[in-house]
1. Please compare each pair in Lys176/Lys199; Lys96/Lys176; Lys96/Lys120; Lys28/Lys199; Lys77/Lys176 to a cut-off of 24 Å on the Cα-Cα distance and tell me which ones are over it.
2. Using θ = phi - 60° and the Karplus curve 6.51 cos²θ - 1.76 cosθ + 1.60, what whole-Hz ³J(HN,Hα) does each residue of the range 147-154 get, with Gly and Pro shown as x?
3. ³J(HN,Hα) across the range 161-177 via Karplus (A = 6.51, B = -1.76, C = 1.60, θ = phi - 60°), whole Hz, x for Gly/Pro?
4. State whether the range 40-92 is rounded, prolate or oblate according to the following rule on the C-alpha gyration tensor (a ≥ b ≥ c being the square roots of its eigenvalues): a/c under 1.5 gives rounded; otherwise a/b larger than b/c gives prolate, and the remaining case gives oblate.
5. Which residue fluctuates most in the GNM of the chain (Cα springs below 10 Å): Gly42, Gly97, Gly182?
6. Step through the residues of the range 197-202 one at a time and calculate ³J(HN,Hα) from phi using the Karplus curve (6.51 cos²θ - 1.76 cosθ + 1.60, θ = phi - 60°), rounding each to whole Hz and writing x for Gly and Pro.
7. Can you pull the percent of the chain's accessible area that's carbon plus sulfur, 1.4 Å probe, other chains left in place?
8. Calculate, in nm to one decimal, what Lys28 and Ala167 gain on full extension: separation in residues at 0.36 nm each, minus their alpha carbon distance.
Amino acid sequence: MQNYQLKVLFFTALMSFSAIMGHSAIEKREYDITAAGIRIGGMTATRENVNNQTWYTLHSEVSFWFFVRVRVVYSVKSLYQNNQLIASTVETHSNKGNFISTVTWSKDHYKVQVDGYKYKNAVPIAEPIRYNSARLYFEYPQSISTVLADNYGLMVPAENIQKDVYAVTVQGNKNKFYFKSGKIIRAVMHHPIKNFEVKLKI
């Protein structure tokens with residue numbers, strides 16, 4: 001766990017250094033998170049261009065009742081260069097504990113270290129990654145069949161099921177992303193604990 005924390009600190013420092021050394025353009029979008037029509041939290045999606053690198057981040061906080069009060073803070077920080085994912089870090093803080101997952105490019109493959117709730121994964125990924133969960137919120141994917149599920153460290157199926165709608169299947173759960181003008185306006189997420197929707201604030 002200590003190695004993961006060091007990686008997160010390095011990743012955060014690298015983001016700050018890049019922003020200081022280069023000119024950056026930041027785009028931010030705010031979303032509501034609802035379950036059964038009730039708002040349970042919010043999410044901020046950010047894209048920042050620094051020189052020839054692009055950073056995509058997601059940060060969400062939710063609180064809901066599921067036999068007990070459940071609180072989850074979830075964040076994704078990912079770096080792209082030349083249209084390829086270089087590194088992705090996921091941090092989850094919840095009633096069940098704190099978890100960190102990393103996917104990092106290393107010469108000709110990605111090193112994967114996932115330490116999640118009742119889930120671990122260290123199987124490398126050989127193929128270059130063009131899209132992960134964070135990038136989807138800013139760029140409509142063109143003709144892709146897989147996408148990185150960052151918190152699992154897995155490439156999962158992605159399917160363009162109709163105009164401006166992509167379905168992404170993660171661990172048997174099919175999530176749907178609805179786009180308008182190249183950006184996500186709504187996402188329907190299926191989860192073993194509670195299904196929820198992510199909606200762009202108007």
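1. As for pairs spanning more than 24 Å Cα to Cα, those are Lys96/Lys176.
2. 8, 7, 8, 4, 6, 9, x, 10
3. Values per residue, Gly and Pro as x: 7, 6, 4, 6, 9, 10, 10, 10, 9, 10, 6, x, 9, 9, 9, 10, 10 Hz.
4. Judged from the Cα gyration tensor, the range 40-92 comes out prolate (a/c at least 1.5, a/b above b/c).
5. Of Gly42, Gly97, Gly182, the most mobile in the Gaussian network model is Gly97.
6. Once θ is set to phi - 60°, the couplings for the range 197-202 become 10, 10, 10, 5, 6, 8 Hz.
7. Of all accessible area on the chain, carbon and sulfur atoms account for 55 percent.
8. Working: separation 139, 0.36 × 139 = 50.04 nm, distance 2.37 nm.
Full-extension gain reported as 47.7 nm.
The values are calculated or read from the model by the stated rules, or taken from the named source; none is laboratory data. Remember, predicted model here, so these are calculated numbers, not experimental data. As a convention, Cβ positions derive from the backbone with ideal geometry for all residues, glycine included, and neighbour counts pool all protein chains shown. Keep in mind that these areas ignore ligands, DNA and RNA; they rest on the heavy atoms of the full protein, side chains included. Shrake-Rupley method; radii C 1.70, N 1.55, O 1.52, S 1.80 Å.
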